[in-house]
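The values are calculated or read from the model by the stated rules, or taken from the named source; none is laboratory data. For clarity, every value in this text was computed on a predicted model and none was experimentally measured. Cβ placement follows ideal geometry from the backbone for every residue including glycine, while neighbour counts extend to all protein chains displayed.
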There are 4 protein chains.
Amino acid sequence: MNASLDGATSGPTVSIIGASGYSGAELTRLILRHPAVRLEHLYAFSQAGKSVSSLYPALGCDRIYRSYEGETGSDIYFLALPHGEAHAIVPKLQAAGKMVIDLSGDFRLRDTDEHERFYGGRKSPDAVMTYAMPELSREAIAGARTVSNPGCYATAIILGLAPLFARSSALPRVRSVACTAISGLSGAGRSSKTELSFAEMSENIRAYKVGVHQHTPEIMQALGTSARNPSFDFSFTPLIGPLVRGIYATLSVTLDGPVDLKEARSAYEAFYRNAPFTRVRSEMPEVRHVAHTNFCDLHVAYAGQHGTLTIVSTIDNLLKGAAGQAVENMNIMLGIDETAGL
Amino acid sequence: MNASLDGATSGPTVSIIGASGYSGAELTRLILRHPAVRLEHLYAFSQAGKSVSSLYPALGCDRIYRSYEGETGSDIYFLALPHGEAHAIVPKLQAAGKMVIDLSGDFRLRDTDEHERFYGGRKSPDAVMTYAMPELSREAIAGARTVSNPGCYATAIILGLAPLFARSSALPRVRSVACTAISGLSGAGRSSKTELSFAEMSENIRAYKVGVHQHTPEIMQALGTSARNPSFDFSFTPLIGPLVRGIYATLSVTLDGPVDLKEARSAYEAFYRNAPFTRVRSEMPEVRHVAHTNFCDLHVAYAGQHGTLTIVSTIDNLLKGAAGQAVENMNIMLGIDETAGL
Amino acid sequence: MNASLDGATSGPTVSIIGASGYSGAELTRLILRHPAVRLEHLYAFSQAGKSVSSLYPALGCDRIYRSYEGETGSDIYFLALPHGEAHAIVPKLQAAGKMVIDLSGDFRLRDTDEHERFYGGRKSPDAVMTYAMPELSREAIAGARTVSNPGCYATAIILGLAPLFARSSALPRVRSVACTAISGLSGAGRSSKTELSFAEMSENIRAYKVGVHQHTPEIMQALGTSARNPSFDFSFTPLIGPLVRGIYATLSVTLDGPVDLKEARSAYEAFYRNAPFTRVRSEMPEVRHVAHTNFCDLHVAYAGQHGTLTIVSTIDNLLKGAAGQAVENMNIMLGIDETAGL
Amino acid sequence: MNASLDGATSGPTVSIIGASGYSGAELTRLILRHPAVRLEHLYAFSQAGKSVSSLYPALGCDRIYRSYEGETGSDIYFLALPHGEAHAIVPKLQAAGKMVIDLSGDFRLRDTDEHERFYGGRKSPDAVMTYAMPELSREAIAGARTVSNPGCYATAIILGLAPLFARSSALPRVRSVACTAISGLSGAGRSSKTELSFAEMSENIRAYKVGVHQHTPEIMQALGTSARNPSFDFSFTPLIGPLVRGIYATLSVTLDGPVDLKEARSAYEAFYRNAPFTRVRSEMPEVRHVAHTNFCDLHVAYAGQHGTLTIVSTIDNLLKGAAGQAVENMNIMLGIDETAGL
């Protein structure tokens, strides 16, 4: 492979722990061509010893996945591990003074009871992390050394609702939100489950974890409330459907009083004025308009009744919902252009 | 083709007007193998003169689509025409004493203002039709000569909500329903629109007609209220996605008081006890479980908060949502087994 | 479920061993509504104890899969087992005088060395079976008690070539055949392999077993030659692609002398004149024209050069390529209409 | 949009004529982020006046498609027009001394009779162009000002066969090639044909133009022979299937004598040693391994018989088969790294 397909030849070094999953592969692709950082090691577990080109030939990368043995020699670490496996690794990287971006759910929830309820395990009690969604907390991310990258559904849904919960919002208070969100099947990871085979999922749609999805407390936390004692009714129905990438969320919002559609749209546009990737669009969003990009596309519609809005939000679950947002966060942490390499 | 693939050799004769579209083709398939009626003529418009086998070779049927010139010689007529085209034809068939099942939206709405608002045209003022959803009005259908077959989204959504609006219901009153429903692309008919091409819709999802879909007043009417002056808040977000057949509707329902999940499920089971095709399932419904069948699969879940339920409803849009329900209605009108030929 | 969805109430009884796979489910569907036979037992292995409705709700069937313990009480047995598992069962059913239709590869090859080479195991040496492709050997099937149902690729390819190898053929001798055939992913069975997941196979195509597919000797045997000492060059490239059902085979044939397209087409039409399911079409075959049917659609084209033809052949791999052909064979064995229930 | 998503800020200027089709959109994406050239104008015809962001929001580009009125102000012109429309434009750009890369079929065939037969029209008689496939004629491209970019099928097939026709080849002479190639539906362009709708093409495959595809003479010309008087038998069966991007070609090759698989593979590896994008792989190629890349993946297999090989070749039809190869050609013409921006 020609060297010119790679990116920077100087700058901080990056290693990815959990590089052989779908999010890890997208991180690999983004870091390989990033203008300001250099890819150092790719760590995997069951795939250690295999080459990137055997699993992801499209990356045009000849490196070998290594087994992670606690190394701390790179400047920046991305962790793209299954939930529960980052707990043990992050504290050591923090202790070594490394910059860490964790893509798992291990450090997203501040409330340990909620974490216990939705993720089962107990998170490392001393680890404190910034919940890193650039549109909500760019300044906190800029000052952080260790951040927790948001979940995929959570990203689409929080970005779809945040302007309604902003302190600056002059809109009526939100009373309830009913959310249905369809995810592409890459969201389930590289899977060998029969129910995720092509033969079962082509031409198919299925709901799952209705009312009990682990992104619910994350969404509530980001909007300034909690799943246990919410300031508004929230129902969430996740679906999987016959596509690989993408999340398409519809949010039916009831407000405490009448709402003017034009004002609502202006509030959204103002809120995202400085966000390079979140776009408030007058056209209806489509998954193909954000697939293979770091964009989140939003549309604000009037549902036809007093005090109700319908928000449509769509992202690529592997990019804005995982690897893309992680690189965006790294850029902010490094103090470079937020869009570099994206 | 071997004659034995055809169904009855005696019984009433059936003709289909608008037989060359997707619903018409499903009607053709069902009537060809129906045990109690005989297929007489297939009428089409732009496809008149072509053979069934040139458009739908899977049907194994050598007949030729004829041009419809006002004939009234068959015993039973199905109309599977674009909205607005049944108005002129139905009165003549009624006058000739024929049994008529209309699959268009022309006669679904009793309120002519609502019809005007959502369908644009003005319906034939003297034509009166039974709105024919077997689960809601089997007796009225049994006594009718002319019926209006429900819309596809409307079928999935009404069946998902009807038990909550039944007179016999002991559940709290419904305060709001937020519905998101994904339709397969056969719902748009045999189309030549760029935005419905495979290249645009594979791996894609798109919302449309948010808050203004023409099935909204039909749903409200069937639930005993109206879109103009509704007894509950209703928001409806229709989506199209990358599948050919199927509607998958999620209904987030807020009730006026606390609800017990077990009681709610019992209410649904009781309501559909005698319905041969609508199934209240403990497993999560999937499109592939109803595709190519006349089933509607329902699931009742607790959304996790005081007074809220999530209902999932799925059908095959071309069968239970169109041709299958139409044959079911014909069976009831003829006084034969409701499931004959389905 | 209403009883009327089931078929016959008298006639021979049928049991299916291996009923929980995709072919078994199609057999179940076909036998449930067959006009001349009655479904008795459904046997499964890992799924024994589960209900049909939990695995295949679309069938509308409440039966429970039973564990097979050597019962021989039904009149007719279909075996839809993985290769290698019918060997032990068939001889006992034969000894009990039962009618047996085996869908596996265990008894397809007469040459035990070829069987050894392509299937690894050794077949039951005393079991003799009729290779049951109706278009080739209707009379032998009619007199048989135990038959071996052809493979899916083999069916599409043999039907695409048979007229060229017929004794009655006046066409030049076949010198070489290059075949590429794409199969839908149901052909791999109910699978939990990562490489067959939706996330890996959507928008994907992959060749496999190039030159070594186990249907090669079956095809050669059916055409009157052998894979070890073939009378013509045969190359076979199987592909899997992003569809559930269907095989689409293209056959590039070189003949020993010039060929007239019209004569070639006439030869095909004559050969299949009495075949109710194999159609020689002037239009180009498409998978959707045969999906969910028992048809095989063929098209004969002139490849543009002296002595070459291109044949296109398509079937539904689960029906004409498995369960449908098996029921067709049963009908012939029972002496009833070949198309009954199909 | 943040300016940093764009590429170079100095270097030659590029305009694209026919920028609103699928190949044009890929060209736009590649040029926008190219490190050495600057995008100047995007010309369209029926879409003139619309914004890029209304048709291709994923590009994150706010420019407006302009109507082309004969401007010659840019340094480099890509033409991505329907066949027949480049004839009139190219000579003027040549006369103005511009660098031109034409993606249409208008200038691919040197033999005007063949052009007449397959494309119908008559090409501009004085225009002479280099047929620009980097793997075959890198040096000629480097010295050219105006080049004709290969067709999509032609690229996959020529790259799959070229080593067998190389002067340096020590392999036996090729006697016949039977090719079946499946294309994704983006190959048909932004289409509004019913037969290319999602509802018709999901779960479907269809052959077309069997033996008469216009890429046949292009392939023969590139391999040093002609379609009218070929040095070997060539049959070509193009298929369309349910995917958006990608071509997957299988080539069954008969040689004049015995062939050793290891030698054949070595010949391929040697031939493509210096090609940065064409990879001879020991694993089986898959569409997803080349989709969204400029790679061509090849695999050489032994078909199991004396003197036969099976070659598998796959590309992304919009990249290596169109826009990617066009940028690769521009890079070579500019004397910069062949992989820049790819």
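Couple of notes before you dig in:
- The one condition in (1) under 27 Å from B:Ile182 (Cβ atoms); (2) among the hydrophobic types (A, V, I, L, M, F, W, C); (3) surrounded by fewer than 15 Cβ atoms within 10 Å (Cβ to Cβ) that B:Met133 fails to fulfil: (3)
- Matching residues, region D:49-62, being free of Cβ contacts under 8 Å to residues at least 24 places away in the same chain and not small (Gly, Ala, Ser): D:Pro57
- Here B:Pro57 fulfils each of the conditions (1) within 22 Å of B:Ala86 (Cβ to Cβ); (2) in contact with a His (Cβ under 9 Å, 6 or more places away or on another chain) apart from (1).
- Members of region A:223-243 that are in contact with a helix residue (DSSP H, G or I) (Cβ under 9 Å, 6 or more places away or on another chain), surrounded by fewer than 24 Cβ atoms within 10 Å (Cβ to Cβ) and among the aliphatic types (A, V, I, L, M): A:Leu223, A:Ala227, A:Ile240
- The listed residues are A:Leu42, A:Leu5, and the only one of them that is closer than 25 Å to A:Asp316 by Cβ, at pLDDT 95 or above and not aromatic (Phe, Trp, Tyr) turns out to be A:Leu42.
- Of all residues in region D:5-62, those being within 14 Å of chain A (Cβ to nearest Cβ), of a type outside the set (Gly, Ala, Ser) and touching an Asp or Glu at 6+ places or on another chain (Cβ under 6 Å) number 1.
- Any hit, region A:290-307, residues being modelled with pLDDT of 95 or more, crowded, with 21+ Cβ neighbours inside 10 Å, polar (S, T, N, Q) and farther than 23 Å from B:Leu239 by Cα: no
- The combined condition, being in contact with a strand residue (DSSP E or B) (Cβ under 9 Å, 6 or more places away or on another chain), within 13 Å of C:Phe271 (Cβ to Cβ) and either touching a residue at least 60 places away in the same chain (Cβ under 8 Å) or not in a loop (DSSP other than H, G, I, E, B) (or both), is not fulfilled by C:Gly187.
- Set side by side, the residues A:Ser51, A:Ser74 differ, and just one is surrounded by fewer than 16 Cβ atoms within 10 Å (Cβ to Cβ), among the hydroxyl-bearing types (Ser, Thr, Tyr), closer than 27 Å to A:Ser186 by Cβ and at pLDDT 95 or above, which is A:Ser51.
- Elements of type strands (runs of 3 or more DSSP E) in region A:263-324, at least 2 residues being within 13 Å of chain D (Cβ to nearest Cβ) and over 14 Å from the mean Cα position of the chain (by Cα): A:278-280, A:296-302
- Count of region D:146-192 residues, restricted to those that are within 14 Å of another protein chain (Cβ to nearest Cβ) and β-branched (Val, Ile, Thr), is 5.
- Condition check for A:Ala207: in contact (Cβ under 8 Å) with a residue 40 or more places away in the chain, in contact with a Ser or Thr (Cβ under 6 Å, 6 or more places away or on another chain) and buried (at least 18 other Cβ atoms within 10 Å of the Cβ): no
- Region A:141-183, residues that are basic (Lys, Arg) and under 22 Å from A:Leu103 (Cα atoms): A:Arg145
- Within region A:270-288, the set of residues being among the charged types (D, E, K, R) and out of contact with any strand residue (DSSP E or B) (no Cβ under 6 Å at 6 or more places or on another chain) comprises A:Arg273, A:Glu283, A:Arg288.
- Which numbered condition A:Thr254 misses (of (1) out of contact with any His (no Cβ under 8 Å at 6 or more places or on another chain); (2) more than 7 Å from chain B (Cβ to nearest Cβ); (3) not in a helix (DSSP H, G or I)): (2)
- Test for A:Ala144: is it crowded, with 18+ Cβ neighbours inside 10 Å and either over 14 Å from the mean Cα position of the chain (by Cα) or part of a helix (DSSP H, G or I) (or both): yes
- A residue that is touching a residue at least 40 places away in the same chain (Cβ under 8 Å), of a type in the set (D, E, K, R) and surrounded by fewer than 21 Cβ atoms within 10 Å (Cβ to Cβ) occurs somewhere in region A:258-272.
- Unique match (being at pLDDT below 95 and either in contact with an Asp or Glu (Cβ under 7 Å, 6 or more places away or on another chain) or more than 19 Å from A:Ser23 (Cβ to Cβ) (or both)) among A:Gly121, A:Gly97: A:Gly121
- Put simply, of D:Pro172, D:Pro217 the only residue that is surrounded by 23 or more Cβ atoms within 10 Å (Cβ to Cβ) and either touching a residue at least 40 places away in the same chain (Cβ under 8 Å) or in contact with an Asp or Glu (Cβ under 7 Å, 6 or more places away or on another chain) (or both) is D:Pro217.
- Identification of strands (runs of 3 or more DSSP E) wholly contained in region A:30-102 with 1 or more residues that are of a type outside the set (Phe, Trp, Tyr) and closer than 30 Å to D:Glu286 by Cα yields A:38-44, A:76-79.
- Some residue of region A:37-59 being of a type in the set (Phe, Trp, Tyr) and within 17 Å of D:Asn294 (Cα to Cα): yes
- Test for B:Gly211: is it within 13 Å of chain A (Cβ to nearest Cβ) and in a loop (DSSP other than H, G, I, E, B): yes
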